[in-house]
Amino acid sequence: MPLKRSSLSRRSLLLGGGALLGGLAGCGVPAAYIPPGERAAADRSARDKRLTWANWPLYIDTDDERPGRRPTLEAFEERTGIAVEYVEEINDNDEFFGKISPALMNRRPTGRDLIVISDWMCARFVRLGWVQEMDRGRQPNVTRYLDPLLRSPAFDPGRRFTVPWQSGITGIAYNRRALGREIRGVADLWAGDLRGRVTLLSGLDEAFALLMQGDGVDITRWTADDFHRMCDQVEEQVAKGQIRRFTGNDYIKDLSSGDVLACQAYSGDVVQLQADDPDIRFVVPEEGAELWSESLMIPDLARHKANAERLTDHYYDPGVAAELAAWVDYVCPVPAARDVLASSSDEETASLAEDPLVFPDAAMRERLVIARDITPKERTEFAGRWNGIAGL
């Protein structure tokens, strides 16, 4: 059966704003750290064919005729005999951190075998020792097909503890027809004809990297001086009235209505907006843009680790990855899925293989970078400064 691209709306990433939950989320409290030898529990996978997977809402393929069905997940269950309890319970990174951190810091199981959170939050879990190293011997597809751009972020060299679920780009979206010209870089946001018609993302972790890149900073090794220089520039634009406001995903409404002409945006959102308005454009600036991921992790004391590793590898089969990509519209972490989509008999699905916001082309890939994450020591100072600017 050919792949058929869903026309239903996809999930807009609800990335959290970096709240410091009792100081624990922002700094590795020594008592909370779990050493490697204390992270695993007896694995029941061989005799107990099931697992529990926590994910975000609307972040997996469903059947258009029967929305309660999830074809790629059901295919895994049928092939392996492993029953998956799929729970759409993650709506915000910080909120979910607060939900499961008491169990993890007190060395108790969370009741979940697999979770999906944003990489900047994954970094906290890795530093705290709250996730288990995956066995790549059970994951030949991950080993073979994971996008080279995503293989070794600073917080998890070699991706030992995390595997990208979906990826995306933080860039600039704008209305080409209403603006009457192209936008090529971050500096273009500060042009006079955009005064009061620009928005930036409110979350520190979502906003800072692109703005630094606009200042020529290598975001794989940025410094505190780079950060504060960027904040100085944003404060100047706020004082001039250039920036209309700081937003979460509600920038989508502002851009669609015409209240805003240009904004920081996520690539997956723009793919969806373009379906209704082809004048909406997405730009990876000439200076570069941030490539980010939301990743799969196996928390400490998970009871079905091997089953979770097999499920993770299932989604790295190019055919399965293609089916998922045709639904969610984010950057696919499996480049080999492109050929699968291109061969589809469904014209709309086949066209997705040529969409650089799902499969970035060679020129775009050269400008995509994974940012160095904010360290625990930096977070309190930097969040305080940024939140003051953004009015949080």
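Each reported figure results from applying straightforward, stated rules to the coordinates on display, with no laboratory input. Not measured: the values here are computed from a predicted model. Glycine gets a Cβ as well: all are built from the backbone with ideal geometry, and neighbour counts include every protein chain shown.
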Residue-span extension gain [Lys377 to Glu235] - 0.36 nm each, minus C-alpha spacing: 48.8 nm
Sequence ranges 82-88, 128-134, ranked by mean other-Cβ count within 10 angstrom, highest first: 128-134, 82-88
Simple spin-label estimate for Arg184 and Ala46 in nanometres, 7 Å along Cα-Cβ: 6.2 nm
Spin-label model distance (nm) - Arg195 vs Asn249, 7 Å beyond Cα toward Cβ: 3.4 nm
Cα-projected label distance for Leu58 with Glu133, points at 7 Å along beta-carbon direction, nm: 3.9 nm
Exceeding the 29 Å Cα-Cα cut-off - candidates Lys99/Lys377; Lys49/Lys99; Lys240/Lys377: Lys240/Lys377
Residue of Leu341, Leu73, Leu291 that the Gaussian network model of the chain assigns the largest fluctuation, springs spanning Cα pairs under 10 Å: Leu73
Backbone N under 19 Å from the Arg69 label point (7 Å along Cα→Cβ), restricted to region 296-327: 320-327
Stretch gain in nm, segment Ser345-Arg79, where the contour uses 0.36 nm per residue and the Cα spacing is subtracted: 93.2 nm
Max mean-square fluctuation residue, GNM over the chain, Cα-Cα springs under 10 Å, options Asn141, Asn307, Asn106: Asn106
Expected 222 nm ellipticity per residue - DSSP helices of 4 or more, -39500 (n - 2.57), all of the chain, to 500: -10000 deg cm²/dmol
Taking the C-alpha atoms of region 170-291, convex hull volume expressed per residue in Å³: 89 Å³
Radius ratio Rg over Rh of region 295-392, counting only Cα atoms, Kirkwood formula for Rh: 1.13
Rounded Å value of the spacing that divides the Cα centres of region 241-306 and region 320-392: 9 Å
Relative contact order, percent, region 40-102 [alpha-carbon distance under 8 Å, six or more residues apart]: 41 percent
